[in-house]
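Visitor: Next up is a structure, given as structure tokens.
The values are calculated or read from the model by the stated rules, or taken from the named source; none is laboratory data. The structure displayed is predicted, hence computed values, not measured ones. As a convention, Cβ positions derive from the backbone with ideal geometry for all residues, glycine included, and neighbour counts pool all protein chains shown.
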Amino acid sequence: MHSYSRTTYNFLQTLRETVERNSLISSSDHIICALSGGLDSVMLFYFLLYYRKELDFELSACHLHHGIREQTADEDEAFVRKLCAEAQVELSVRHVDVPALATRRKLSLEAAGREARQEFFRDLMDEKRPHTNGSCRVALAHHADDAVETFLLNLGRGSGSRGVGAMRISDGDVIRPLLETRVSELEEVAVAEKIDWREDETNLSSEFLRNRIRHQLLPLWSELLDYDVRPVLLRYINSAREDEDFLNTSAEKLIKSALLPDGSLSTVIMAELDPPLQKRVLRIYLENYYREKLDTEQAELSHAHLTILSASIAEAVHGDKKQRRHHLPQSLVAQVSESRILLLNNEEL
């Protein structure tokens, strides 16, 4: 039996409590560990190997060779292959020319890499799911420091309260067991257990905004205030995420009460809602429509779209009562009348 240091034992038990409290893994599940070879993903893999002995779930791993740093990317792949071979864990590897993908789709390297990973994950889950009795999920190694950086990135992009909860421990087919763990804790355990990992030099490049937040903004902010701002931001993120969840749950209930038999939304009920809640209901209703009817996550609804729709509801119910049409992304049109909001494709007009 392996003898753990006190630090490692506490680390493993804390993660185990996180997994069980959030019902992330059951014995019938197939968990695919996204394994880059970096510290965070290696420590996630280390924990999943430990926890598999306790629960006996199906575990495999995947690695995306992104073609950005050809030599070091090859070395990363070799490192991950060795790690999985030693642990006797099945590994799936995909090679993607991310720079070419970025050029072809007119995306930044970060966005193209994210799309390539998401497509890889979806394909793997589609492959594994038919042979899995329970759920098939991808385990990502995002940690608490990642949550802080993502929050600041989203704040700078004007995402509002939604950006606070962008990273969640459980998010559909994705789980993030490390999300409450600081990167310093991961490194402490890795050193204690003599666990090797790969350093990604792109993490040091100032080309990427996330790196500038990590290496410049947060250290300077902490220096000016004379304390580490990350724990403070984490407390705010956790509190705001609870508020966001409550408001979303309330909005979902209101959608059910305002939904008409033909799938449209009652403007009479919507007109009685306070503007912030009304806009939240509209956003969730529209995003559900995009996802379920148009089979796309790319709604790209802006605050301006929601503001215009909100104003039209007020005019249709309490004002001139005229019917209005508003063009939304993906060739969708919202027809607002005195009685309902009806969503139509251009072909249906």
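Residue-wise test of (1) closer than 18 Å to A258 by Cβ; (2) among the aliphatic types (A, V, I, L, M); (3) in contact with an Asp or Glu (Cβ under 7 Å, 6 or more places away or on another chain); (4) crowded, with 16+ Cβ neighbours inside 10 Å.
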residue	(1), (2), (3), (4)
Q278	yes, no, no, yes
L282	yes, yes, no, yes
L286	yes, yes, no, yes
R291	no, no, yes, no
D295	no, no, no, no
S302	no, no, no, no
S310	yes, no, no, yes
I313	yes, yes, no, yes
D320	no, no, no, no
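Visitor: To continue, here is another question. Take the residues in segment 73-91 that are in contact with a Ser or Thr (Cβ under 8 Å, 6 or more places away or on another chain) and under 12 Å from G38 (Cα atoms); name whichever of them is modelled with the highest pLDDT.
Guide: Taking the candidates together, the pick is V80.
Visitor: So is E272 surrounded by 15 or more Cβ atoms within 10 Å (Cβ to Cβ) and either more than 17 Å from E252 (Cβ to Cβ) or of a type in the set (A, V, I, L, M, F, W, C) (or both) or not? Spell out how you get there, then give the answer.
Guide: Working: surrounded by 15 or more Cβ atoms within 10 Å (Cβ to Cβ): no; either more than 17 Å from E252 (Cβ to Cβ) or of a type in the set (A, V, I, L, M, F, W, C) (or both): yes.
So E272 does not fit the description; no.
Visitor: Being of a type in the set (K, R) and surrounded by fewer than 20 Cβ atoms within 10 Å (Cβ to Cβ) is the filter here, so list the residues in segment 111-154 that pass it.
Guide: R114, R122, K128, R129
Visitor: Which condition does E54 not pass, out of (1) assigned to a helix (DSSP H, G or I); (2) of a type outside the set (F, W, Y); (3) under 19 Å from the mean Cα position of the chain (by Cα), if it passes all the others?
Guide: (3)
For (1) outside any helix (DSSP H, G or I); (2) assigned by TED's automatic domain parsing to the domain that holds E187; (3) in contact (Cβ under 8 Å) with a residue 24 or more places away in the chain; (4) surrounded by 15 or more Cβ atoms within 10 Å (Cβ to Cβ), each residue gets a yes or a no:
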| residue | (1), (2), (3), (4) |
| --- | --- |
| S36 | yes, yes, yes, yes |
| S41 | no, yes, yes, yes |
| L44 | no, yes, yes, yes |
| E75 | no, yes, yes, no |
| R94 | yes, yes, yes, yes |
| A102 | no, yes, no, yes |
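Visitor: Additional query: Evaluate the following for E223: is it without any contact (Cβ under 8 Å) to a residue 40 or more places away in the chain, out of contact with any Asp or Glu (no Cβ under 7 Å at 6 or more places or on another chain) and more than 30 Å from D145 (Cβ to Cβ)? If you could, list the steps in order and put the result at the bottom.
Guide: Numbers: without any contact (Cβ under 8 Å) to a residue 40 or more places away in the chain: yes; out of contact with any Asp or Glu (no Cβ under 7 Å at 6 or more places or on another chain): yes; more than 30 Å from D145 (Cβ to Cβ): no.
Here the answer is no, as E223 does not meet what is asked.
Visitor: If you don't mind, another one. Residue check: is D320 without any contact (Cβ under 8 Å) to a residue 40 or more places away in the chain and farther than 27 Å from F246 by Cβ?
Guide: Details: without any contact (Cβ under 8 Å) to a residue 40 or more places away in the chain: yes; farther than 27 Å from F246 by Cβ: yes.
So D320 passes the test.
Visitor: Please work out which residue is surrounded by the fewest Cβ atoms within 10 Å (Cβ to Cβ), limiting yourself to segment 54-73 and to residues that are within 20 Å of F208 (Cα to Cα) and touching a residue at least 40 places away in the same chain (Cβ under 8 Å).
Guide: R69
Visitor: Further question: Inspect all residues belonging to segment 255-270 and state whether any of them is within 27 Å of N154 (Cβ to Cβ) and free of Cβ contacts under 8 Å to residues at least 40 places away in the same chain.
Guide: Yes.
Visitor: What's the total number of residues in segment 168-206 that are more than 22 Å from H65 (Cβ to Cβ), touching a residue at least 40 places away in the same chain (Cβ under 8 Å) and assigned to a helix (DSSP H, G or I)?
Guide: Going through segment 168-206 one residue at a time, the tally reaches 8.
Let's see how each residue does on (1) at pLDDT 95 or above; (2) hydroxyl-bearing (S, T, Y):
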residue: V93; (1), (2): yes, no
residue: V98; (1), (2): no, no
residue: A102; (1), (2): no, no
residue: L107; (1), (2): no, no
residue: E110; (1), (2): no, no
residue: A141; (1), (2): yes, no
residue: S161; (1), (2): no, yes
residue: S170; (1), (2): no, yes
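Visitor: Here are the criteria: (1) crowded, with 17+ Cβ neighbours inside 10 Å; (2) within 22 Å of R122 (Cβ to Cβ). Tell me which single one S26 does not satisfy.
Guide: (1)
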